[in-house]
1. How high is the relative contact order of the range B:169-395, given as a whole-number percent (alpha carbon pairs under 8 Å, six or more residues apart)?
2. Which one, B:Phe219, B:Gly241, B:Tyr294, is farthest towards the positive end of the dipole of the range B:169-395 when Lys and Arg carry +1 and Asp and Glu -1 on their Cβ?
3. Determine which lysines satisfy two conditions relative to B:Lys202: a Cα distance under 22 Å, and not lying fewer than 8 residues away in the same chain.
4. Hey, with R₀ at 60 Å, roughly what FRET efficiency would B:Leu27 and A:Asn116 work out to, going by the Cβ-Cβ distance, to 0.05?
5. Grab the other residues whose beta carbon is less than 15 angstrom from that of B:Tyr294, score K and R as +1, D and E as -1, and report the net.
6. At what distance in nm do the modelled label points of A:Ala188 and A:Lys244 sit from each other, each positioned 7 Å from its Cα along Cα→Cβ?
7. Of the peptides A:96-106, A:82-92, how do they stack up when ordered by the mean number of other Cβ atoms within 10 Å, highest first?
8. When Cβ neighbours within 10 Å are restricted to other protein chains, what is their mean count per residue of peptide A:196-205?
Amino acid sequence: MAKDLQTKIAAHDFNFFYGQKQALFDINLSIPERKVTAFIGPSGCGKSTFLRSINRMNDLIEGTRIDGNMIVDGVNVYDKEVDVVTLRRRIGMVFQKSIPFPKSIYENITYGLTLNESRTKAELDEIVESSLRRSALWDEVKDRLNHSALGMSGGQQQRLCIARAIAINPEILLMDEPCSALDPISTAKVEELIEELKDTYTIVLVTHNMQQAGRVSDYTGFFLMGSLIEFDRTRTIFTSPSKKETEDYITGRFG
Amino acid sequence: MNNPFRTTRRNIGELIAEWSIRAVASLSIIVIFLIFVFVFREASTLFLGDSDEATPQSTQVAQTDSTSQTTSSSEPDVYNPEAEEPEVYNPEAEAPSSGEEGAPGEFIYIAANPAYPHIYNPSTGLIPPDIDAASTEEDVVLGDTLSFTENFFSSTWQPVGEVPKFGIVPLLIGTAKTTLIAILIGAPLGILAALFVAFFAKPWIREIVKPGIELLAGFPSVVIGFFCLVSVASWVQDITGVPYRLNAIVGGIGLSLAVIPIVFSIAEDALSAVPKTLREASLALGSTEWQTAYRVMLPAAAPGVFAAVLLGIGRAFGETMIAIMATGNAPLSTFSPFEPARTVAATIGSEMGEVVWGSEHYGVLFLLGVLLFVFSFGLNAITELYVKTRFIKRFQGK
């Protein structure tokens, strides 16, 4: 990995357990700042688990346990002093399934903003507009901001979730298969969006779609059976992987 | 010949099972319907005039008072032995007067007649006994000039008396009072407990608390009533120092004990049914558990929680035993929560056992039953419609 890049997220000997079952084995990697990093691998290989470990979403699952360090900006997020709420405000997340709140489009975006601080209506209006513009949704919904978000199409809902995540201005954006339920046109729009957002945010993307990883990411990590097999520049992974497993997976010999 | 679409042969046991299920289901629906019909029919005698299907003795309670002396004078002949008897208890009353009013039967006669001369005489200024008869006669006429509806919406419930008064206003006030108190206590507690169990409690705590509260739903209401009668009444009196030991507050607390498990279990179901992904999405935006519960999960489950509260209200005004035991059971037309109250259900529960079969009182009690029916039916209908439309609105984004 290039030395000039600032490391944003780093894992050191990171192990993860669902009860007795170990899901991640000694993960070591550094995710660079303001780049798109993609994780690929077959289902159940642990890439989503790793992603959800970064903002501690796995805490919500009963009986999970970790071992090792997950460093974000030089701080171990699993430290006792780390407040998980503050952590998650700095790390936005977009899920596989779009999950708009059963509220209006406007309220969906302002939800995260009004949690801890009060803002004026004008400020909120401004942020709503800018985040909707950035997620390429403004023109489609500007006339129905007060309509329920559940009346939007699937692709719009997913972009709304992205807009909602970037409205609170996080530093890192975690995306857990954001396009797996979308049609190609919506997928293209989301990919464009990722392209655009990577100047501002460190984006970590989990995807089943290798073409997508190839298209949008700068770095790619390949997970298999809970281990990180290879992590390198996307071009290197896709053209000259150093591990046999990676090559087999990429060329479609398994998985 | 080889028809591939011929009906497959059915297993005989399967057929029997299917038909018995159908039979039981239709039977239960018919029985429920018949209960409706029965209650409405009994109450309808009030409006459809005094039909003769009711027992002659009891319908006369209303009739003899109202109209001709011929019926009233002819009636006592039949009941003479009983009508004579009261003279032992009430020497002041004149025999003819007893003959004129005695028609209702001994119970009413004894209960009403001694009261009049003794209470009314001093206040009106010593009415001689022989005028007394006339004055009570006048009262009877006066009482009956009140039409049934006027009587029904008056503020006195004295179903047994010379002039039976069937004012349901105090009963409605009592029901409203106790139900309101029960819901004001029960709904917040039930909903907060549901929130706690659904989102905050550790699994092992949930395993204890949830069945614990739901067990309360199966608690015999007479035990809750007894508990209120003995313990809660004392606590409330110690704290507030009110003169009446049993009052609407005690009754409301008792009813809230019946309401809480209903509100809790339905609200908890509604909250648990909200997709877990919503919770994750909210937490991922950096909200606390409480903010998530309050601002995302509760609104998402609002129709269900609303239904829980409505069903809680239904339970509160329909509950009989707790209302009889803990409210003081006095039909007072006062809105003060510290005075005794009597609910509609408690009235039916405590008076139906002693009412003269087929009398006006009997009809009024059934009318109260109809009132309860209609009210709870309406409440359930609102719940159903509201919940359905709101859920559709919410989750289809209309």
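1. Values: 350 pairs, mean separation 70.0, N = 227.
It comes to 31 percent, rounded to a whole number.
2. Farthest towards the positive pole: B:Tyr294.
3. A:Lys21, A:Lys80, B:Lys210, B:Lys276
4. Details: r = 60 Å, r/R0 = 0.99.
Result of the calculation: an efficiency of 0.50.
5. On the way: positive: A:Lys103, B:Arg279, B:Arg295; negative: A:Glu107, B:Glu289.
Neighbourhood net charge equals +1.
6. Inter-label distance under the simple model: 4.1 nm.
7. On the way: A:96-106: 21.1, A:82-92: 18.1.
Sorting A:96-106, A:82-92 by mean packing, highest first, produces A:96-106, A:82-92.
8. Numbers: counts 0, 0, 0, 0, 0, 0, 0, 0, 0, 0.
The per-residue average across the peptide is 0.
Read the figures in this text as sums done on the coordinates, not as results from a lab. Only a predicted model underlies this, so the values are computations on that prediction, with no experimental measurement involved. Cβ atoms come from the backbone with ideal geometry, glycine included; neighbour counts cover every protein chain shown.
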